[in-house]
Structures are given as structure tokens and as C-alpha cells.
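Encoded as C-alpha cells, the structure appears first; notes follow it.
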Amino acid sequence: LVYIKGIMSFGMWRNMCLLLPLIFIATAAEDPFGTCDNMHLIFKHTVASSDALRDCAMMSVIFPDIHDEGADKFHQGECAWQCKMELPFTCFKLHAPQTQYSAGLFTVDSFEQQISLKWAHAIDDATPVFYDAFFDTNIAFYVDSLDALLAHWQSQSDTQALEYFGLEWSLNGDIEIDDDRYLDQRWYSILLHSPKSAAMFEFMSFVRPTQYSSLRWIESDVPRATFQATAERYPWLREDGATIVPVRISAAAADIDAVYDFYTHSMFAKQLYQTQAADTRTIFMQLLNTHIELQFVQRASTATYGLFTVAMFEDALAETHAALLKTPYCGQDRWIDTHYGYSTWSIPGLMGRVFKNLNRDGVLYKLGKNTAEHESVYNKALMAQYGYDGEYTFGMAVIEPVARAVELFGAILDQSVAENAPFNDQQWCPRDCVLDENGNYKMAGPEPKPDGVDVNVDVEQEN
């Protein structure tokens, strides 16, 4: 384990990047991870929305303690609508952007309607709860009390709009929990759909809720988390007594082998766990130095309501990405709005090595940049701590095999990237990708200026 601290020169940063294969990009931190002072490297989860204001309002209904990030330099309605919310204890961010980028032939609101139809079928009172393959795409939180959540929902005027059911599952592994309420490695999850959206949230606890009989429950055929990524500091042992902690981001997958290859070969991730039961396969992956695990689940094509399958969804989005992302520096599509964010500042050289891997492996991605002086206060502190004093910072949206995006933020020591990457438009205004007189693709219109940035929040590639 290599501990990096203090101010380094840009040359030292470059040398650290060159030493990357020898030190395996390992770092440590004095402060406990996953706090507002030392945030998770996977620091946000974002779902494209057809109505950002609707989804922000529902987040306040769903989460007992959540607040607006305060990104008040954004001009609501000028080119897009933002929804940027933040959780207590961890400052983890939940976003629901409503942009005007092209979505291709399959629109965001059409997808939201499909998810809503699948949820209506799943919880129909006339039939047992049906677990749909699309429900595997969600973000999970450890909570200290499911009863507190249920009480919060029941106290809300919009509670009737919420759709949820319970999942019982077993935790595989040797994790010991010194609590008399933890019995037979049993865990309890509530999976919830934010109405009319594509967003799904899972809340899990080892304590059986006293309101157990008021919910409809089914047995999960796969574990919902492993907690291996949080082994240094389990969420139920936090010193700050956090009542909610993000622990896992998951996605449905049509080809889990392609997902494994992408994460191990292109992203330097390692596998934490894998299992197969009947026609369901799942893998858990961990990106370098992260403490929120990634889960992917592949189910039979028939494990969904209606004709619209996970494979059809992936194919539609893959076709859209390929058509609209002309080059890494030219193009944008609305489906990139669905992503999770991964900060690489504490791992010198990682983003540059991922960049090389993507080119080697033929993976689609897009790049944007910002001036370092317009970065957030939090990111400036990281840049100082790890010795980066370059002129630009970069955001890179990478397309996963499941057609979702991973957005990396950090530095790439490549002059061509610095010269060619466009500035990020802080108002998310769409720009066409056109051919110039030499037959090369370029972004139309004037280059956005890196100004008007709220210094209290993270500057991101898009949203």
C-alpha cells in the first residue's frame, strides 16, 4: 500500500504516473472514507429524466434527509433542467438531469413508460410480486432502520404514488455482525420505484422491520450486496452513526461476460464475487480504491413483462451511442445522462491508463475539459494534495457494455487531449457535431467558456 500525501510538483505527479504499474495505483487516506471531508470516489449516481423537477420532488419524499446541492449558477430552463440532490453523512449525490441532447430513436420518456408498465405488472395485487430483470438496475443503500423509512413514507402526502416491495436474501461470506438482531445471515431490502421515472432505489438492513407484515415480500435468487468493498469500515460500524450509506450500484446485463471483460481489461477493476443459479448469473466488481461495489445481473430473456427486453434496450442505446458519438471530442447523446461518477484524483495516472485501454479495446467514450482554476473547492484541495498543477482537468464518459456510462474525472497527461477536448458547457446546451472543410468532425457554434461555475459543487463533464 502506497500512501501519498502533501504537495508534489507537476513533475512528481508525472513520475507517479510513470510508476503506476509498480505501485498498482494504491493509496490510503487518514480520514475515514465516505464522508463529506473524504468523499467516496464513486461520488454520484445519475438517471436521465423527462421531468427533473418531478424527480427532485420525489427524492424529498423518498429520502428522509436529503437536500439540494446548491448548484445555483445553473440557469434552469435555459437549455436544460437540473436536479442535484445530496445525502447527509457521505455527501453522495443523486442527480436527475433533463437535457435536450438527442436520444436517438428511443426516447427517455418512452423508457420511463416501459419501466412504469413493468412496475405496475410486478406489484399487481391480483398476482404474486414479479421480479423483473429491469429491476436489477438500481442503487442500493445500507440503512440502520427500514422502519424509519416506512414511517417517513407513510407520513408523506405523496406516499400513495410510491411503488415498492420487500426482498429477503442471504449474505454469503464470513462477515460477522455483533448484533442480536442479525439472524441466520438474513437481510431485508425494500426496492422502490420513483413514480413515472426510470430511477429505482434499494434500501437494505440486517434488522427485520417491525412492519414486515405490511409489505409484500419475495425471496431474492441472488445476493443484493457483498460488503467486501466496505470491509475496512462496514456501514453499520461508522463512528458518525450514519443512518444511510451508499453501498452498491447495479445494472441488468444481457451479456455478463462482456461486462467482466470491460471492467477487468479496460477499467482495472477486480471481481469480488460471482454466482450462478439456474438461468441467473451475477458478478460483483470493484474499481480501484472504491468502497461502493458494482453488481451486474444477467437473467433469462423471458424474465421481464412485455416484449421489451434488456437486450433490446442495450442494442437500442448502443446504436444511439455509435451514431451520435462521432469522435471522442465530438458528439453527445442524452443516454449518457444516465451514469455514475468516479473521481480519480487520488490515483495518479489512472485516468490516462484507462484512456489508453479504451483506445486499445475499441470502447466508445467522449472527452471534455475544464480549466483547473474553475474546479470546485473540494477538487482543488485534492489536486493540491496529490500535486497536480496542470492547466486543465478532464471528464471522460465511457460507455459500458450495458449501454450506461461511467464518468471519470481527473487528469490525462496527453497534449492532444488538452488541445482537442472541448470545454464543458455548464448550462448543458446541445451543440451539433458537423464536418469542417477538411472532412473532420467538430462541434458547431462557439466554444463554451469555463465560467459561471458554482465553486461549492463539483464541476462535471455534463451532469
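The values are calculated or read from the model by the stated rules, or taken from the named source; none is laboratory data. Note that the structure is a prediction, hence the values are computed from the model and not measured. Cβ sites come from the backbone with ideal geometry, for glycine too, and all protein chains shown count toward neighbours. Note: areas computed on protein heavy atoms with side chains; ligands, DNA, RNA excluded. Shrake-Rupley method; radii C 1.70, N 1.55, O 1.52, S 1.80 Å.
Charges were assigned to the Cβ only: +1 to each Lys and Arg, -1 to each Asp and Glu. The resulting dipole of the chain about its Cα centre is roughly 700 debye. Between the labelled values (1) 0.90; (2) 1.43; (3) 0.95, the entry that holds Cα Rg over 2.2 N^0.38 Å as derived from this structure is (3).
Note on Ala318/Gln113: beta-carbon distance plugged into 1/(1 + (r/R0)^6) with R0 of 22 Å gives a FRET efficiency of 0.60. Relative to the current alpha-carbon distance between Gln385 and Asn438, full extension at 0.36 nm per residue lengthens the span by 14.8 nm. Here the spin labels are modelled as points 7 Å beyond Cα on the Cα-Cβ line, and at Ser155 and Arg360 they lie 5.4 nm apart.
Over the chain, average the accessible area per residue using a 1.4 Å probe and give it in Å², no decimals.
Numbers: 18960 Å² over 463 residues.
Heavy-atom accessible area per residue stands at 41 Å².
Under a model in which nothing but the beta-carbon of Lys, Arg (+1) and Asp, Glu (-1) is charged, the stretch 48-142 shows a dipole of about 180 debye around its Cα centre. From largest to smallest, the equivalent ellipsoid semi-axes obtained for the stretch 102-178 from the alpha-carbon gyration tensor read 28, 19, 15 Å.
Among the chymotrypsin sites (Phe, Trp or Tyr not before Pro) in the stretch 365-408, none is located in a DSSP loop while being surrounded by at most 13 other Cβ atoms within 10 Å of its own Cβ. Taking each DSSP H run with n ≥ 4 as -39500 (n - 2.57) and averaging over every residue of the chain yields -6000 deg cm²/dmol at 222 nm. Averaging over all projection directions, the Cα-based convex hull of the stretch 329-447 occupies 8.0 nm² in the image plane.
Round to a whole angstrom and tell me the spacing of the C-alpha centers of the stretch 117-171 and the stretch 274-298. Going from one Cα centre to the other spans 21 Å.
I'd like the FRET efficiency for Thr127 and Glu232, computed as 1/(1 + (r/R0)^6) with the beta carbon distance as r and R0 of 41 Å, rounded to 0.05. Spell out each step's value before the answer.
On the way: r = 43 Å, r/R0 = 1.05.
About 0.40, to the nearest 0.05.
Shape verdict for the stretch 120-229, please, from the Cα gyration tensor: rounded (a/c under 1.5), prolate (a/b greater than b/c) or oblate. Spell out each step's value before the answer.
Details: a/c = 1.75, a/b = 1.43, b/c = 1.23.
Prolate, since a/c reaches 1.5 and a/b exceeds b/c.
Sketch the reach of a paramagnetic label on Leu162 as a point 7 Å from Cα along Cα-to-Cβ, and name the residues of the stretch 173-211 whose backbone nitrogen lies under 15 Å away. Residues 189-196, 200-205, 209-211 fall inside that zone. Subtracting the Cα-Cα distance of Leu183 and Glu239 from 0.36 nm times their residue separation leaves 17.8 nm of extension gain. The protection proxy used here, the mean number of other Cβ atoms lying within 10 Å of each residue, ranks peptides 106-118, 70-82, 175-187, 46-58 as follows, highest first: 46-58, 106-118, 70-82, 175-187.
Of all the accessible heavy-atom surface of the stretch 132-184, with the other protein chains kept in place and a 1.4 Å probe, what percent is carbon and sulfur?
Values: 950 of 2490 Å².
Ligands and nucleic acids excluded, carbon and sulfur give 38 percent.
A simple charge model with +1 on the Cβ of Lys and Arg, -1 on the Cβ of Asp and Glu and nothing else charged puts the dipole of the stretch 381-442 at about 220 debye relative to its Cα centre.
Annotation: Val61 carries an accessible surface of approximately 10 Å², with a 1.4 Å probe and no ligand, DNA or RNA atoms counted. Bridge orientation summary for the chain: considering DSSP beta bridges with both residues in this region, about 75 percent are antiparallel.
Which entries in the list Lys270/Lys369; Lys356/Lys442; Lys326/Lys449; Lys44/Lys449; Lys118/Lys196 go over 18 Å, if you measure between the two C-alpha atoms of each?
Lys270/Lys369; Lys356/Lys442; Lys326/Lys449; Lys44/Lys449
Quantify, in whole percent, the carbon and sulfur part of the accessible surface of the stretch 231-355 (1.4 Å probe; protein heavy atoms only). In the stretch 231-355, the share of accessible area belonging to carbon and sulfur is 52 percent.
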